[in-house]
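Down below is the structure, laid out as structure tokens.
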Amino acid sequence: MLSRVAENLYWMARYIERAEDTARLISVNSNLLLDMPGRAALSWSTLIDITGSGETFDSLFDERNERNVIDFLCLSRDHDGSILSSLANARENLRTTRDVVPREIWEEINQCYLEISEQSQSGLKPRTRDGFLKSVTRACQTLTGLIEGTLSHTEARTFLSLGRHLERADMTTRIIDVRSGNLLPRNPEELIPFEHLQWMSVLKSLTAYQMYRQEVRLRVRGPDVLRFLLQDRTLPRSVLRSLEEVSWELQSLPNHDRPLAVATLVRAEVAEADVQALARAPDELHQLIDEFQIGFNNLHEAIASAYFAVRERPLRAPQAQEQSALIDDDDD
């Protein structure tokens, strides 16, 4: 497979996963704000922190209010991580390589982008927001289902899976990092008001609430949620499960020694983390998740170096990473 094709498919999957996760996050945050009393210390600014796009947001807007955050995360063309930009980037990546996937996948992503783009012309009003976010989530799930159900188990599918699961691990750690910083107590006597509702929102933002109740069978508690989202091997969106999927896919590719070694190292760090101790030390948890993020960056760079033609560029956080150059280094 040409490195250009492999890279396009890898990034297409990352952008689709990014659009879906962003839509889920906004939807759950909207519902949580409705459920919480007015005095609760919640704000839309949290979503900017989760997506790691504070610098870009502050260069475009003066205030982190509801309208600005929604416009930025949903419809902004100046933010690569917005839903609209993510779908546009996914569409463009597939447009140049659509001959390697079934036609239905191209038609679905093209239709989804056109509908979202049309919506952006009139803006996103509060009364239409919920329907908009559900349609984005459903479209992304449909795309993932089409890929799983129609694409042969070839290298094309492998690179799609690599992109999807690395992006998924990245977003899960971002949600855990920002939410746990607000919810985990700094001392044993501290009791965070409405903690139960907020940890439920963390699970629901990853569609993990029902699976948590089946697995844990206890009330929602911070340490249990952390362990479940970081280390559960059966939850599709847990960090450990996502990294195991990455490792499994890499084994089917040639020249996988370095990326597989990096994936194994990051996976071991996640699996061996002492979640019970970290739940009592939010600052240490934040530091550990920073290390995970660095590991994800290293994993991305290892995959890019092994399979894509990469030019010199500064290392950036996964949510803000730009695509590397698309060069057919396999044409020889």
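The values are calculated or read from the model by the stated rules, or taken from the named source; none is laboratory data. If you're wondering where the values come from, they're calculated on a predicted model, not measured in any experiment. Here Cβ is always computed from backbone atoms with ideal geometry, including for glycine, and neighbour counts include all displayed protein chains.
Would you pick out the residues in the range 206-236 that are at pLDDT 90 or above, in a loop (DSSP other than H, G, I, E, B) and more than 18 Å from Ile175 (Cα to Cα)?
Scanning the range 206-236 gives Arg233, Thr234.
Regarding Ile289, is this residue at pLDDT below 90 and within 18 Å of the chain's Cα centre (by Cα)?
Spelling it out, Ile289 is indeed at pLDDT below 90 and within 18 Å of the chain's Cα centre (by Cα).
Does the range 82-98 hold any residues that are assigned to a loop (DSSP other than H, G, I, E, B) and crowded, with 22+ Cβ neighbours inside 10 Å, and which are they? Before the answer, list the steps.
Here is the first cut: in the range 82-98, the residues assigned to a loop (DSSP other than H, G, I, E, B) are 82, 96-97.
Selection gives Ser82 alone.
For the range 216-225, enumerate the residues that are touching a residue at least 40 places away in the same chain (Cβ under 8 Å) and buried (at least 22 other Cβ atoms within 10 Å of the Cβ).
Gly222
I need the full set of residues from the range 257-282 which are assigned to a loop (DSSP other than H, G, I, E, B) and closer than 21 Å to Ile294 by Cβ, in order please.
Glu272, Ala273, Asp274, Ala281
Residues checked against (1) acidic (Asp, Glu); (2) at pLDDT 90 or above:
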site	(1), (2)
Ser120	no, no
Gly131	no, no
Ala156	no, yes
Arg168	no, yes
Asn182	no, no
Glu190	yes, no
Lys204	no, no
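Can you list the helices (runs of 4 or more DSSP H) found entirely within the range 15-79 that contain at least 1 residues being at pLDDT below 85 and surrounded by 14 or more Cβ atoms within 10 Å (Cβ to Cβ)?
45-51
Could you list all residues from the range 260-286 that are touching a residue at least 40 places away in the same chain (Cβ under 8 Å) and under 20 Å from the mean Cα position of the chain (by Cα)?
Selection gives Val262, Val270, Ala271, Leu285, His286.
Starting from residues that are outside any loop (DSSP other than H, G, I, E, B) and in contact (Cβ under 8 Å) with a residue 60 or more places away in the chain, keep the ones in the range 247-256 and report whichever is surrounded by the most Cβ atoms within 10 Å (Cβ to Cβ).
Taking the candidates together, the pick is Leu250.
Which residue out of Thr128, Thr137, Thr96 is under 18 Å from Ser30 (Cβ atoms), β-branched (Val, Ile, Thr) and touching a residue at least 40 places away in the same chain (Cβ under 8 Å)?
Thr137
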